[in-house]
Amino acid sequence: FPDSIRATDEHGGSPLHYACQNPNVTPEIIQLLVDAAPNSASHADNNGSMPLHSLSNYVLDETKAIKILKLLIEKQPEAVRHANNNGDLPVHIAGGWGRRSTEFCRLLIEAYPGSERRTDANGNLPIHFACADNTVATVEYLYKLSP
C-alpha cells in the first residue's frame with residue numbers, strides 16, 4: 001500500500017489527481033492521501049496539471065470542494081501559481097469549464113493575488129473562460145477585479 005499511494009499512471013496521474021476528480025470524494029480521503037504522500041499535492045502529471053487543477057475541473061459538491069481546496073492550498077500553497085502545459089492556472093480552469101463557484105474562484109485569487117490578470121498560452125484570462133462557461137456571478141466577480 002505505501003508504494004501504491006505514490007504510483008502514477010501512463011499520463012502521470014497520481015491517486016490524489018484521481019481522488020480530486022471523484023464526485024464522491026471526501027476531505028478526509030484527500031487528507032489521508034496527502035498525509036501518506038506529502039509530495040503528491042505538488043506532483044504535476046504529463047500535462048503539467050497538479051491535483052489542484054483536477055479539483056478545479058471536476059464536478060464535486062461545492063461545500064466539499066471548498067474544504068478540499070483549502071486543504072490543498074494549506075499543503076501546497078504554490079500550486080495556485082502553477083500553470084499547466086497550456087498555461088492554465090487553477091483559476092482559469094475553475095472559472096471556466098470547471099464551473100466552480102464564485103467563492104472557489106475567490107479563494108484561488110486570494111491565495112494568488114493578480115492571478116485573475118494572468119493569461120494562458122492562448123492569451124485567455126480567467127474571465128474569458130468564465131464568460132463561456134460559468135455563472136453571471138462569477139463573471140461579475142472577475143470583471144470587478146479587472147482594471
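Which ones in segment 62-78 are of a type outside the set (Asp, Glu), closer than 16 Å to SER40 by Cα and within 12 Å of the chain's Cα centre (by Cα)? Explain how you work it out, then say what you get.
So in segment 62-78, the residues of a type outside the set (Asp, Glu) come out as 63-73, 75-77.
Then keep just the ones that are closer than 16 Å to SER40 by Cα; that gives 68-73, 75-77.
ILE68, LEU69, LYS70, LEU71, LEU72, ILE73, GLN76, PRO77, listed by residue number.
Could you check segment 88-121 and list, in sequence order, the residues that are among the acidic types (Asp, Glu) and either closer than 17 Å to ALA65 by Cα or in a helix (DSSP H, G or I) (or both)? Even if it seems obvious, please write down each step before you answer.
Filtering segment 88-121 for residues among the acidic types (Asp, Glu) gives 88, 103, 110, 116, 120.
Those that are among the acidic types (Asp, Glu) and either closer than 17 Å to ALA65 by Cα or in a helix (DSSP H, G or I) (or both): GLU103, GLU110, GLU116.
If you check ARG81 against the conditions, is it more than 27 Å from ASN24 (Cβ to Cβ), surrounded by fewer than 20 Cβ atoms within 10 Å (Cβ to Cβ), among the basic types (Lys, Arg) and under 11 Å from the mean Cα position of the chain (by Cα)?
Numbers: more than 27 Å from ASN24 (Cβ to Cβ): yes; surrounded by fewer than 20 Cβ atoms within 10 Å (Cβ to Cβ): yes; among the basic types (Lys, Arg): yes; under 11 Å from the mean Cα position of the chain (by Cα): yes.
For ARG81, the condition - more than 27 Å from ASN24 (Cβ to Cβ), surrounded by fewer than 20 Cβ atoms within 10 Å (Cβ to Cβ), among the basic types (Lys, Arg) and under 11 Å from the mean Cα position of the chain (by Cα) - is met.
Looking at (1) more than 29 Å from ARG6 (Cα to Cα); (2) of a type outside the set (Lys, Arg); (3) free of Cβ contacts under 8 Å to residues at least 12 places away in the same chain, which one does THR63 not meet, given that it meets all the others?
The number of the failed condition is (1).
Results for (1) within 24 Å of GLU28 (Cβ to Cβ); (2) in a helix (DSSP H, G or I); (3) at pLDDT 95 or above, shown as yes or no for each residue.
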{"site": "ASN46", "(1), (2), (3)": "no, no, yes"}
{"site": "LEU55", "(1), (2), (3)": "yes, yes, yes"}
{"site": "GLY123", "(1), (2), (3)": "no, no, yes"}
{"site": "THR138", "(1), (2), (3)": "no, yes, no"}
{"site": "PRO147", "(1), (2), (3)": "no, no, no"}
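Here are the criteria: (1) loosely packed, with under 14 Cβ neighbours inside 10 Å; (2) at pLDDT 95 or above; (3) under 18 Å from VAL80 (Cα atoms). Tell me which single one GLU10 does not satisfy.
The failed condition is (3).
Where residues in segment 30-78 are of a type in the set (A, V, I, L, M, F, W, C) and surrounded by fewer than 16 Cβ atoms within 10 Å (Cβ to Cβ), which of them is farthest from ASN134 (Cα to Cα)? Explain how you work it out, then say what you get.
Going residue by residue through segment 30-78, those that are of a type in the set (A, V, I, L, M, F, W, C) are 30, 32-34, 36-37, 41, 44, 50, 52, 55, 59-60, 65-66, 68-69, 71-73.
This time we only want the ones that are surrounded by fewer than 16 Cβ atoms within 10 Å (Cβ to Cβ), so: 32, 36, 59.
Numbers: LEU32: 31, ALA36: 34, VAL59: 13 Å.
Within segment 30-78, the match that is farthest from ASN134 (Cα to Cα) is ALA36.
The values are calculated or read from the model by the stated rules, or taken from the named source; none is laboratory data. Note that this is a predicted model, so its numbers are computed, not measured. Here Cβ is always computed from backbone atoms with ideal geometry, including for glycine, and neighbour counts include all displayed protein chains.
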